[in-house]
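Report on one structure; see the data block that follows.
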Amino acid sequence: MTDVVDCYHCGLPVMTGERYALDILGARRRLCCHGCQAVASSIVDNGLEDYYRYRTELPKTAEELVPDELRKLALYDHPDVQKSFVHEAGSLKEAALIIEGITCAACIWLNERHLQQLPGVQSVSFNYASQRARISWDDSKIHLSEILAEIRKLGYHAHPFSAQQQDEVRQQQKKRDFRRLAVAGLSAGQVMMIAVALYAGPTQGLEPATAQILRWFSLLMSVPAMTYAAWPFYRAAWRSIANRSPGMDVPIVLGLLTGFAGSIWATLQGHGVVYYDTLTMLIFFLLSTRYLERNARLKSIEAAENLLRLAPAMATRLRGQEQEIVPVVELKSGDHILARPGESVAADGVVIEGESSADESLLSGESKPVHKTMGHTVYAGSINYESPLVIEVTGVGENTMLAGISRLLDRAQAEKPRLAHVADRVAAYFTTALLLAVILIAWIWWRIDPERTLDIVLAVLVVSCPCALSLAAPAAFAAAGSHLVSRGVLFTRGHALETLARATHFVFDKTGTLTMGKPVLVHTQCYADMDAQTCLRIAASLEKSSEHPLARSFIEAIQAQPLFTVTDNANIPGQGVVGEIEGERYSLGNVRLNPAAAGIQLPLDEYPAGASVVWLTDSRQLLAAFVLADQPRPEADLLIQRLLNQRLRVSIFSGDAKASVDYFADEMGVTDRRAEMSPQMKLQALQALQEQGEVVVMVGDGINDAPVLAGAQVSIAMGSGTQMARASGDIVLLTEHMPEIEHALQTSRFGIQIIRQNFAWALAYNLVALPFAASGLLSPWMAAIGMSISSLIVVINALRLR
């Protein structure tokens, strides 16, 4: 007769001929089928074996066969759930995740290395400052739930990012940190009081029996600090050891455990030195430093976080005459939504009804409200001011400008500059060398004075922890990025800040970069009794329904003044527009449409090359001539002069006609100008400058600038430019205030100066303090204070960038 056993996972019979089995809870367990084996393997691999340890009965339904933790992760694969936080780009998906449990740079390195090895994962970038990860994957090869499960295997918890949830996680983390800090402080205070009696005892006649009782009291009161308060250090150290990448917590934990074990031994023996006071004080100082450092780090990224809080969760959707309040995630392109005065716009879109102004300051850095009327684009997160606007939705969720800025910001903060990589490598080598040095120092002192060995080893382990070295670059980059994004300058690549500081040559495109890139009304010449403002209102009224590029120039020139009602209007291709206003027939266009203008000459040489003239007539006479031309961006000439005053070289590379380029170059004082250049010619000229040793910053706008933007050491894309230009830019200028480019240059130079100061301080501190500790001139408690102060100095110095 064939023996029958029960499946350890589901409880159904398993025939002896079946070969499905798995190691669970330290023993080989039989399973009935491949399905049970797969689920059980997932449970074990994800550290959920407690499911088997604590279950009280076998599952009765198929749903019960899978623990709640795994079932919750599977929900993140549902398309409707992903709609609110996953951005799709072709066959790839990208999501921002909150990672709980990140304590140091080693945690980041461990997660990045593990996830990048998974099949289907395209890219992984972690942001230590905000503890966020942006992950791109091929959904046909791996699902998001599997990625989340892999993160869980490492001992961390990940879930989709939302600004509100991130804030909740931080508040919870802050409360936990404060509780541990309070426990450590109370424990250290009590132990220190006893330590005073122990230190003074031999000279004050303390009885040996009383001293022994005080040692036992010290042991008991140090246990809360050594267990609960110090738990984050043990956890981080174990992770790094288990994954063969010793981090900065390893020497700390070795010092704590070594000192505690030696103190317990001395307590049991009834003589010798105990270090309970030093250990509890070390834990308190370390937790205090990390608490302050975490708060400072959050201040450094608050400007970026504010962006993500702009978009509302609900929107007013219009269905005919009916209004309904719906979650923003339910909106689709083409929906009509209502933005009331004082409300945040829920999605990107185009105004189809109404006239108002919007505050886009947190998106662009511009404090002045932007006028919005029919046909204007509005962005999610901007605040509507005076009047209601009806908006046709063009982008929701991850497809909004706000989400795009967030992705670029994440990429910039996650990409490590060369200086940060150097710091990480130095810290890793330093930790390894430190552990070897501790062994050597312990051996030497054991031969010289065994009683002092533990004291000196503890001081060496504590004083030389490379916390300050690992914080030197990230703290400064986070502070600089936060400061610049609040002024409308968005760094999208990690290397940009470092490279911009070394810039020697700025190259500008002309159209759309130094100039507005669109025709602007520069002069109105009247020929009849009608004043210029009335002529302009008539012209704008005629152009209201036109799609011609010049039409928008007239609409913007009247600055929200009321338009006339036009009847019997018509658009005549190649000539202009005609229409009737208050019983009078008007024509607006070129000389072919308005023969009355023939023979009249305007001094066009006074205006930019390429200026256009549009004539306005009624049924009897010529009324006005409008001169439209491209105009320099506000304060572009100020930016050029500031760069030239710093002895930086400035050039203009443009595809426009030579006359137009010369006009604007003369206006701005640029001597090196090149016209009629193709994108390939621009790239070749840029490469020629680089071959001469120049560090080139290219500032451009438009699709034809994408190749040369990508070829420059640093590229700056105008925020009003095309998506391709933004994707190619290392820096995006969201504001129209051109001198912010020069301010970014100054900030980058100051930032590199701060980083070098931090490196110098961190290395000098370790090089000076380590010999003192190794020679026995530095006690462990002094080492604890020194190490904590060293880290705080680095963070506070970095905050000067804000």
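Overview of values
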{"item": "Placed amide H near N569: partners under 5 Å, 5+ positions off or other chain", "result": "E580"}
{"item": "From phi via Karplus (6.51, -1.76, 1.60), per-residue ³J(HN,Hα) for the range 733-745 in Hz, x at Gly/Pro", "result": "8, 7, 9, 8, 7, 4, x, 4, 5, 5, 5, 5, 4"}
{"item": "Residues with amide H under 5 Å from that of V695, placed H, sequence gap 5 or more", "result": "T504, H505"}
{"item": "Within the range 519-560: Cβ-based charge dipole about Cα centre, in debye rounded to nearest 20 (Lys, Arg +1; Asp, Glu -1)", "result": "80 debye"}
{"item": "Nitroxide proxy distance, nm - points 7 Å out along Cα→Cβ at F217 and Q117", "result": "5.2 nm"}
{"item": "Fully extended contour minus Cα-Cα distance, from Q646 to D662, at 0.36 nm per residue", "result": "3.4 nm"}
{"item": "23 Å Cα-Cα threshold exceeded, pairs from K518/K658; K332/K544; K93/K682; K544/K658; K510/K682; K658/K682", "result": "K332/K544; K93/K682; K544/K658"}
{"item": "Length gained when the stretch S678-A433 is fully extended (0.36 nm per residue, less Cα-Cα span)", "result": "82.7 nm"}
{"item": "Length added when fully stretched, S387-L257, from 0.36 nm per residue minus Cα-Cα", "result": "40.2 nm"}
{"item": "Table column - 3J(HN,Hα) (Hz), the range 478-483, Karplus curve with 6.51, -1.76, 1.60, x for Gly and Pro", "result": "5, 5, 5, x, 5, 4"}
{"item": "Amide proton proximity set for M314, modelled H, under 5 Å, gap of 5+", "result": "V328"}
{"item": "Cα gyration tensor category, rounded, prolate or oblate, for the range 520-629 with a/c compared to 1.5", "result": "rounded"}
{"item": "Under Karplus coefficients 6.51, -1.76 and 1.60, residue-wise ³J(HN,Hα) of the range 135-152 in Hz, glycine/proline x", "result": "10, 10, 8, 8, 5, 6, 10, 8, 9, 4, 4, 5, 5, 4, 5, 5, 5, 5"}
{"item": "Net charge dipole size for the range 600-663 [Lys, Arg +1 and Asp, Glu -1 on Cβ; Debye, nearest 20]", "result": "280 debye"}
{"item": "Ranked packing of 448-456, 636-644, 283-291, 318-326, most packed first, by mean Cβ within 10 Å", "result": "283-291, 636-644, 448-456, 318-326"}
{"item": "Size of electric dipole in the range 627-709: Cβ of Lys, Arg +1 and of Asp, Glu -1, about Cα centre, debye, nearest 20", "result": "220 debye"}
{"item": "Global geometry of the range 518-580, whether rounded, prolate or oblate, following the gyration tensor of its Cα atoms and the 1.5 cut on a/c", "result": "rounded"}
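Bear in mind these aren't lab numbers, they're just calculated from the coordinates by the rules spelled out. What you are looking at is a predicted structure, and each value in this text was computed from that prediction instead of being measured. Using ideal geometry, Cβ is built from the backbone for each residue, glycine included, and neighbour counts are taken over all protein chains shown.
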